[in-house]
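> What follows is a single structure, and I will ask about it in a moment.
FYI, it's all coordinate maths here, none of it is from the lab. Values in this document were obtained by computation on a predicted structure and should not be read as measured data. Virtual Cβ from ideal backbone geometry, glycine too; neighbours counted across all protein chains shown.
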Amino acid sequence: MPDLTALQRDILFAVAGLDSPNGQEIRRELAETQGRNVLSGHIYITLGQLVDKGLITKRARDGRSNEYSLTDRGDRWLRDRLQWEDAYVSLKRVEGV
């Protein structure tokens, strides 16, 4: 599982939850769901990093914007991440915390 920053991880989750979003839709999703106001430039840099890691794909949408979607590798990363998180949450429940 590649190491990701918190922003990379959150963008990956946003891409998974939206229908082939563009960068501004991802930015808006992070603002609405997490109160995160990330600069557009930072979103696009991070999207490029995720493309380079093979976790998402980028394709032209309408000549002036791109849309992003998960790759199989990105889907596996998310599933592994959720499984890892669930293991810790389940441990807490068993321990009574």
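> Between THR71 and ALA87, with labels modelled 7 Å along Cα→Cβ, what's the label distance in nm to one decimal, could you check?
With each label point 7 Å from Cα toward Cβ, the separation is 2.4 nm.
> Another question, if that's okay. List the residues, sorted by chain then number, that are 5 or more residues from ILE56 or on another chain and whose placed amide H is less than 5 Å from its amide H.
VAL51, THR71
> I want to check the label-to-label distance for VAL51 and THR33. Put each point 7 Å from Cα in the C-beta direction and report it in nm to one decimal.
For VAL51 paired with THR33, the spin-label model returns 2.2 nm.
> Also, I was wondering about something else. Pop out the ³J(HN,Hα) list for region 60-76 in order, Karplus 6.51 cos²θ - 1.76 cosθ + 1.60 with θ = phi - 60°, rounded to Hz; leave Gly and Pro as x.
Listing the rounded values in order: 5, 9, 9, x, 10, 9, 10, 10, 10, 8, 5, 8, 4, 5, x, 4, 5 Hz.
> Moving to a separate point now. Dipole of region 6-95 (Lys/Arg Cβ +1, Asp/Glu Cβ -1, origin at the Cα centre): which of TYR88, LEU70, VAL51 lies farthest to the positive side?
My answer, from the dipole projection, is VAL51.
> Could you tell me which residue out of SER40, SER20, ALA6 lies farthest along the dipole of region 1-85 toward its positive end? Charges go on the beta carbon: Lys and Arg +1, Asp and Glu -1, centred on the Cα centre.
Working it through, the farthest residue towards the positive pole turns out to be SER40.
> Ok, one more. If you rank TRP77, TRP84 by fewest surrounding Cβ atoms within 10 Å, what's the result?
TRP84, TRP77
> Hey, another quick one. If each Cα of region 7-46 is one equal point scatterer, what is log10 of I(q)/I(0) from the Debye formula at q = 0.15, 0.25, 0.32 Å⁻¹?
Debye intensities relative to I(0), on a log10 scale: -0.26, -0.77, -1.30.
> Which cross-chain or sequence-distant (5 or more) residues have an amide H under 5 Å from the amide H of ASN66, H modelled 1.01 Å from N in plane?
GLY23, ARG61
> Quick one: Cα convex hull volume of the chain, Å³ per residue?
107 Å³
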